[in-house]
1. Any chance you could run the full-extension gain for LEU130 through ALA180? It's 0.36 nm times the residue separation minus the Cα-Cα distance, nm to one decimal.
2. Report, in degrees rounded to the nearest 10, the 0 to 90 angle that the Cα long axis of helix 215-229 makes with the longest principal axis of the chain.
3. Please give me the summed charge of the neighbours of SER149: other residues whose Cβ is under 12 Å from its Cβ, Lys and Arg +1, Asp and Glu -1.
4. Where in the stretch 190-280 are there chymotrypsin sites (Phe, Trp or Tyr not before Pro) that are in a DSSP coil and have at most 11 other Cβ atoms within 10 angstrom of their Cβ?
5. Could you work out how much longer the chain between LYS66 and HIS171 gets when fully extended? Use 0.36 nm per residue separation minus the Cα distance between them, nm to one decimal.
6. Testing the spin-label approximation: label points 7 Å from Cα along Cα→Cβ at ALA235 and ARG279. State their distance in nm.
7. Taking the Cα centre of the chain as origin, work out the dipole magnitude from +1 charges on Lys and Arg Cβ and -1 charges on Asp and Glu Cβ, in debye rounded to 20.
8. In whole Å, what is the distance between the alpha-carbon centres of the stretch 110-142 and the stretch 205-224?
Amino acid sequence: MKEFEGKVAVITGAAEGIGRAIAEEAAARGMKLVLADIDAAKLDAATAELRAKGADADGLRTDVAKPSQVDDLADLAFARFGRVHLVVANAGVACAKPVWETTPGDWEWVMGVNLYGVTNALRAFLPRMLSGGEEGHVVATASMAGLLSLPSMAAYNASKHAVVTVMEGLHHDLALRKAAIGASVLCPSWVKTRISLSERNRTAGEVTRVESLDPVAAKLVGAVHEAVAGGIEPAAAARAVIEAVAANRFYILTHGNSKSGVKARLEDILQDRLPTLVRL
Ligand SMILES: NC(=O)c1ccc[n+]([C@@H]2O[C@H](COP(=O)([O-])OP(=O)(O)OC[C@H]3O[C@@H](n4cnc5c(N)ncnc54)[C@H](O)[C@@H]3O)[C@@H](O)[C@H]2O)c1
């Protein structure tokens with residue numbers, strides 16, 4: 001999808017962070033917007049600010065883990081604009097714990113938002129985008145945790161690996177049908193957002209008590225929080241997304257050094273080595 005002017009974008013997790021920055025970037029390129037987020041107050045503020053800058057924007061409070069709410073989002077977008085060209089399934093949450101401490105509620109929450117949030121969007125939007133016959137693109141936000149396996153991030157890693165493989169399979173499905181819709185997966189390294197405070201929007205299970213983590217997990221979690229705080233600006237990730245859509249590039253990696261970690265993992269598999277602990 002090379003032209004953006006006048007086209008319609010739907011973005012989840014758009015109230016702040018990377019999603020919000022993608023909305024800004026899409027609006028700057030003349031796109032009409034439908035924004036979704038579970039945080040109604042921040043979503044309303046983001047929608048109002050984009051409108052104040054001249055964007056044709058609407059917002060709907062949506063819990064992406066709930067299929068019917070994502071269906072409502074699609075209904076709103078198609079009712080409002082008649083067509084949708086770009087869907088960015090970006091909403092996501094992080095939960096940092098070793099697997100043996102990850103509770104059924106942790107799994108339900110993280111898989112619900114990170115994986116089913118993506119599959120709910122693909123199911124709600126793609127049939128109407130495909131039958132509309134227009135050029136379009138779908139992007140899902142995974143993570144470098146979808147290409148590598150970080151310690152003490154069991155549910156997050158699993159959800160993001162699942163998103164990568166769902167999007168790879170989707171790419172094949174679209175290409176085999178010669179569809180006018182492209183697909184990409186965003187795999188950022190550290191981006192300066194409030195992802196470390198994801199539990200603020202927790203919808204399933206008990207909120208994690210950081211003080212209950214063992215010293216190894218606590219140290220790793222502290223390092224992740226520091227890395228996020230020192231990460232790139234969300235606007236840089238957003239630009240990478242829009243440029244990848246324009247170029248029909250599938251894998252969107254935000255940091256130059258990310259590929260060495262991927263290479264190390266693949267070499268571990270090919271050379272029958274123990275997994276390398278990659279520092280992002
Ligand atoms: N920040 C990073 O370093 C980083 C790295 C890799 C991947 N990611 C991914 O980027 C995406 C965006 O995260 P971010 O870094 O901007 O974090 P963020 O916390 O700033 O933004 C996430 C947004 O998603 C919303 N959200 C949470 N649960 C939701 C739900 N159930 N339904 C709808 N919206 C919901 C939040 O309210 C928030 O507005 C996530 O998928 C995250 O996993 C972030």
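Quick note: the coordinates plus some simple rules give every number you see, no bench work behind them. The shown structure was predicted, so the numbers you read here are calculated from the model rather than taken from an experiment. In this analysis, Cβ positions are derived from the backbone assuming ideal geometry, glycine residues included, and neighbour counts consider all displayed protein chains.
1. Contour length minus Cα-Cα distance gives 17.2 nm.
2. Approximately 40 degrees, to the nearest 10.
3. +1
4. Qualifying residues, ordered by number: none.
5. Gain on extension, LYS66 to HIS171, equals 35.4 nm.
6. Those two pseudo-labels are separated by 3.1 nm.
7. Here the chain has a charge dipole of around 500 debye.
8. That distance is 32 Å.
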